[in-house]
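Scroll down for the structure; my scribbles are underneath it.
The values are calculated or read from the model by the stated rules, or taken from the named source; none is laboratory data. Model, not experiment: these values are computed from the prediction. In this analysis, Cβ positions are derived from the backbone assuming ideal geometry, glycine residues included, and neighbour counts consider all displayed protein chains. Note: areas computed on protein heavy atoms with side chains; ligands, DNA, RNA excluded. Shrake-Rupley method; radii C 1.70, N 1.55, O 1.52, S 1.80 Å.
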Amino acid sequence: MARPHIEPFCDRDVAFKKMSLAGFGNGMHYKMLSFDPDTGACSMSVQLDNGYRRAPGFSWSEVEMMVIEGELTVGGRTCRKGHYFYVPAGYALPEISTQDGCLLLFLTNTGEPSHQESDSHHALAQTDLYHDVDSYMDIPWALGNVTKPSVANGCLIKLLNFNPISQAMTFLYCMTPNFSQDNISYHDCAEESYHLWGTSWMMQFGNLPTGGYFWRPAYINHGAFASEFGCIALGRVDSKLFNHFHYNPWTTPQENRERSAARLYKRDPLLYRWAVSQNHNHPHSPQDFEDTMSRRGAEQGHDNEHKTDGSRHDHWHGHNHYDDGSAYKH
Amino acid sequence: MTFKHTSIEHTRNAKEEEWIAEEAAEQELRFKNIQQAMKDLSTQREKWYQEFFDRISTRGFNEDGDQKIQIAPEDLPTKPEGREDQVVWRCGADDE
């Protein structure tokens, strides 16, 4: 079973627990927001006590972190409220510490929280994916119309992380005071949010205050939306975000999913018919030839004879053409 | 469903397995509390639904961004007979 629907939940209603997993040391406490019992992946609000230190090392799962309050020192650099980190699996962070304590949002995507002490990255770490940013100071707010149909004006975003394959996103969003949007929405993806500050309202769930949280599986109705005094939150989706808007509050997730498929059928009928036909009942997923096609590899030079600048091919390409039947004899 | 990103395979130890079992049990309780709280909100929610219908048939329904259309009262939906109002779904569309 994946993460269940947790909505609404407010971390202010529960107490911190001591982190007992090895590697995190003393002085780390957490409130569990949502949890995948299969993989151990989870979202937690975390309190680090004053004087907390964690040795350099990496996680087996990728991790996302956001400083909610206080200051976190990462390898000698001071990171303040709003600082966001995307840390790939196996990427060794330097020592982290906090002099006066801090609050973090701590998200693991593919496994339970783990910390393997190490001064160097794991051999499989995709180190080039690492990035961090002071999201409050160094990214401007942009219109929330990252997808169409779009949210109403007054819902703004700052994109923090984007997966170009799945189109999963992590982003800050805010609602301006007196924001309202009168529709009901659902998505083809799971959605998660943690309220860093402020209160928003949804017609199904009521008010979500500071510390409010949801993990919502795909196809679940949410909205209409409003925020009287405004709010700022960290949001995530696990694949492409599309807003299916409607105004029937009594539909079920199954009906919503069927409507998504019906809309796909209306928009891309040829692809839809092919995908659902029994002749193409792939057990895993359709094959993307770009993932499997034969490539040249490291062999040098055996490219087109004719170059785009009109010149002829320069004949050293690392092998000869004396093979029988070859058109080339050189 | 999890976020489709990277991970590196490793073997969990007994302590980690125990932690996962404890968190799973606590989440079960958290889910049941939320389910009950949302059932308790159903009378209030019914009023919110009616107010929503009033707004989208007068001020308008947000079709795309701030673009609004008024929904004709005769086009407003009715609650399917015998259907309980439900807003929390453990596994979304995969609920049994």
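Couple of notes before you dig in:
- Restricting region A:1-50 to residues that are within 19 Å of A:Asn109 (Cβ to Cβ) and of a type in the set (S, T, N, Q), the residue that is nearest to the other protein chains (Cβ to nearest Cβ) is A:Thr39.
Okay, residues lined up against (1) modelled with pLDDT under 95; (2) surrounded by 11 or more Cβ atoms within 10 Å (Cβ to Cβ); (3) part of a helix (DSSP H, G or I); (4) of a type in the set (Lys, Arg):
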{"position": "B:His5", "(1), (2), (3), (4)": "yes, yes, no, no"}
{"position": "B:Glu17", "(1), (2), (3), (4)": "no, yes, yes, no"}
{"position": "B:Glu26", "(1), (2), (3), (4)": "no, yes, yes, no"}
{"position": "B:Arg30", "(1), (2), (3), (4)": "no, yes, yes, yes"}
{"position": "B:Lys39", "(1), (2), (3), (4)": "no, yes, yes, yes"}
{"position": "B:Arg45", "(1), (2), (3), (4)": "no, yes, yes, yes"}
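- In region B:64-80, the residues that are at the interface with chain A (Cβ under 7 Å from one of its Cβ atoms) reach residues that are open to solvent by less than 70 Å² (accessible area, probe 1.4 Å) and assigned to a helix (DSSP H, G or I) with C-beta atoms within less than 9 angstrom, at least six apart or across chains, in these pairs: B:Ile71/B:Phe53; B:Ile71/B:Ile56; B:Ile71/B:Ser57; B:Pro77/B:Phe53; B:Lys79/B:Tyr49.
- Region A:122-145 - residue that is surrounded by fewer than 16 Cβ atoms within 10 Å (Cβ to Cβ) and among the aliphatic types (A, V, I, L, M) and, of those, farthest from A:Met203 (Cα to Cα): A:Ala123
- Region B:9-47, residues that are basic (Lys, Arg) and without any contact (Cβ under 8 Å) to a residue 40 or more places away in the chain: B:Arg12, B:Lys15, B:Arg30, B:Lys32, B:Lys39, B:Lys47
- In region A:156-180, the residues that are surrounded by fewer than 22 Cβ atoms within 10 Å (Cβ to Cβ), more than 10 Å from the chain's Cα centre (by Cα) and part of a strand (DSSP E or B): A:Leu156, A:Ile157, A:Lys158, A:Leu159, A:Leu172, A:Tyr173, A:Cys174, A:Ser180
- Residue match in region B:48-61 (condition: among the small types (Gly, Ala, Ser), free of Cβ contacts under 8 Å to residues at least 40 places away in the same chain and not in a helix (DSSP H, G or I)): yes
- Any hit, region A:78-85, residues being assigned to a loop (DSSP other than H, G, I, E, B), among the hydrophobic types (A, V, I, L, M, F, W, C), closer than 22 Å to A:Asn161 by Cα and under 18 Å from the mean Cα position of the chain (by Cα): no
- Residue list for region A:32-56, filter: in a strand (DSSP E or B) and over 21 Å from A:Arg80 (Cα atoms): A:Met32, A:Leu33, A:Ser34, A:Phe35, A:Cys42
- Pair list, Cβ < 6 Å and 6+ apart or interchain, from region A:170-182 residues that are closer than 15 Å to A:Gly235 by Cβ to residues that are open to solvent by 50 Å² or more (accessible area, probe 1.4 Å): A:Phe171/A:Leu159
- Residues that are more than 20 Å from the chain's Cα centre (by Cα), open to solvent by less than 20 Å² (accessible area, probe 1.4 Å) and aliphatic (A, V, I, L, M) occur in region A:204-226; there is at least one.
- For region A:121-142, residues that are under 19 Å from the mean Cα position of the chain (by Cα), touching a residue at least 12 places away in the same chain (Cβ under 8 Å) and farther than 15 Å from A:Val67 by Cα total 8.
- Apart from one condition, A:Ala22 fits all of (1) open to solvent by less than 20 Å² (accessible area, probe 1.4 Å); (2) farther than 18 Å from A:Tyr213 by Cβ; (3) among the aliphatic types (A, V, I, L, M); the exception is (1).
- The set of residues in region A:147-164 that are over 19 Å from A:Arg236 (Cβ atoms), within 7 Å of chain B (Cβ to nearest Cβ) and small (Gly, Ala, Ser) contains only A:Ala152.
- The residues in region A:64-76 that are open to solvent by 10 Å² or more (accessible area, probe 1.4 Å) and either farther than 15 Å from A:Glu95 by Cβ or not in a strand (DSSP E or B) (or both) can be counted, and the count is 6.
- Take the conditions (1) among the basic types (Lys, Arg); (2) out of contact with any Asp or Glu (no Cβ under 6 Å at 6 or more places or on another chain); (3) modelled with pLDDT of 95 or more; A:Arg80 misses just one of them, which is (2).
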